[in-house]
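Step one of this worksheet: look at the structure below.
The values are calculated or read from the model by the stated rules, or taken from the named source; none is laboratory data. These numbers were taken from a predicted model, which means no experiment stands behind them. Neighbour counts run over all protein chains shown; Cβ positions are idealised from the backbone, glycine included. Heads up: the accessible areas ignore ligands, DNA and RNA and are worked out on the full protein's heavy atoms, side chains in. Shrake-Rupley method; radii C 1.70, N 1.55, O 1.52, S 1.80 Å.
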Amino acid sequence: MTATARTLRAAACAALAAFILLPLAQTILLSFTATLDHDGVPAGAFSLINYRHIFATPALTASITNSLIYVLLNVALCLAAGLPAAYAFARFRFTGDRHLLLMLLAFRVTPPVVLSLPIFILFAQVGLVNSPLGIALVHCLFNLPIAIWILESFIAAVPREYDETAFLDGHSLTGYFFRYLIPAIAPGIGVTAFFCFIFSWVEVVFARILTVTAGKPITMAINALFSFQTDIGLVMAMTVFSLLPGLAMIWFVRNHIARGFVIRT
């Protein structure tokens, strides 16, 4: 590679990094800036007032807790239901199995707003409106097809002899799942958890519809901060908080995600 080509590649990478990181840097900078006058803190001052305001406002702290609750519930439900279903699709053949899997994926691309009214009516009748559990269940409904699709491909890559050896050794299906299969497809579980987490964390349609008076997630809390005189610094501080769980999720499953994408490509 010539010096000119290396220079052009470095310039292109620097431009891409600047395009991606500059908005994030501005968001972080504004989160530490008082954009409105506060007691003892003038507008434009570099301060922690925005973060102190978050922890001093029960509605904002409750929204962070609500988001963490329903997202973690969604991931747990998707993995608990998706693993057995994916194992069935990968190991057993029955009439219409591929068509059923395709129908599940087709359901995932259905616009959420189409099902918002019947889901709201159903959840109102069973008392799941204004509840993080209600949001977790409806997110699981849309994320489960993705979980089954990803896990099925990883389980199908595990040789059937692996199952037979474990069963010959006297392991039950449950024991085989926890002792052999789950460790073998850990990268696939990491990829599945990552996508279920991200899809649930950024979803706003059902979060808006199913949280009328309580149980609002962080996305709705940020939306409620916009008014005639918006405190931009507070909005940016909440935005930074909304990024932290996603970054933590990527950190914890980073090795599984990397191995998962390499294995499947």
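Within 30 Å of residue 216 (Cα to Cα) and surrounded by fewer than 14 Cβ atoms within 10 Å (Cβ to Cβ), is that true of residue 118?
Working: within 30 Å of residue 216 (Cα to Cα): yes; surrounded by fewer than 14 Cβ atoms within 10 Å (Cβ to Cβ): yes.
Considered against the rule, which asks whether it is within 30 Å of residue 216 (Cα to Cα) and surrounded by fewer than 14 Cβ atoms within 10 Å (Cβ to Cβ), residue 118 comes out as yes.
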Residue 185: passes all of (1) surrounded by fewer than 16 Cβ atoms within 10 Å (Cβ to Cβ); (2) in contact with a helix residue (DSSP H, G or I) (Cβ under 8 Å, 6 or more places away or on another chain) but (1)
Counting only residues in region 29-48 that are closer than 16 Å to residue 241 by Cα and surrounded by fewer than 16 Cβ atoms within 10 Å (Cβ to Cβ), the one modelled with the highest pLDDT is identified as 29
Condition check for residue 164: out of contact with any strand residue (DSSP E or B) (no Cβ under 8 Å at 6 or more places or on another chain), at pLDDT below 85 and more than 30 Å from residue 120 (Cβ to Cβ):
yes
Okay, helices (runs of 4 or more DSSP H) sitting entirely in region 180-255 with 1 or more residues that are of a type outside the set (A, V, I, L, M), in contact with a His (Cβ under 6 Å, 6 or more places away or on another chain) and touching a residue at least 24 places away in the same chain (Cβ under 8 Å), I get 186-202
From the option list 68, 22, single residue qualifying as part of a helix (DSSP H, G or I), in contact (Cβ under 8 Å) with a residue 40 or more places away in the chain, surrounded by fewer than 18 Cβ atoms within 10 Å (Cβ to Cβ) and not β-branched (Val, Ile, Thr) is 68
Original post:
Do we find a residue being farther than 17 Å from residue 88 by Cβ and either outside any helix (DSSP H, G or I) or open to solvent by less than 60 Å² (accessible area, probe 1.4 Å) (or both) anywhere in region 155-165?
Top reply: yes
Residue hits (region 107-124; without any contact (Cβ under 8 Å) to a residue 24 or more places away in the chain and of a type in the set (A, V, I, L, M)) are 109, 114, 115, 117, 121, 122, 124
If we keep only residues of region 49-65 that are more than 15 Å from residue 236 (Cα to Cα) and aliphatic (A, V, I, L, M), then the residue least open to solvent (accessible area, probe 1.4 Å) is 62
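Give the residue that is modelled with the lowest pLDDT, with candidates limited to residues of region 202-216 that are surrounded by 13 or more Cβ atoms within 10 Å (Cβ to Cβ) and small (Gly, Ala, Ser).
Filtering region 202-216 down to residues surrounded by 13 or more Cβ atoms within 10 Å (Cβ to Cβ) leaves 203-211, 215-216.
Retained after the next criterion (residues that are small (Gly, Ala, Ser)): 207, 215.
Working: 207: 82, 215: 76.
Going through the qualifying residues, I end up with 215.
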With the first residue restricted to region 140-165 and required to be more than 28 Å from residue 202 (Cβ to Cβ), and the second required to be open to solvent by less than 20 Å² (accessible area, probe 1.4 Å), Cβ contacts under 6 Å at 6 or more apart or on different chains are 156/90
(Q) Would you confirm, using the coordinates I've provided, whether residue 178 is closer than 22 Å to residue 75 by Cβ, of a type outside the set (Val, Ile, Thr) and open to solvent by 70 Å² or more (accessible area, probe 1.4 Å)? (A) yes
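Against the condition surrounded by fewer than 15 Cβ atoms within 10 Å (Cβ to Cβ) and aliphatic (A, V, I, L, M), how does residue 248 come out, does it pass? I'd like the intermediate steps shown before the answer.
Working: surrounded by fewer than 15 Cβ atoms within 10 Å (Cβ to Cβ): yes; aliphatic (A, V, I, L, M): yes.
In short, yes.
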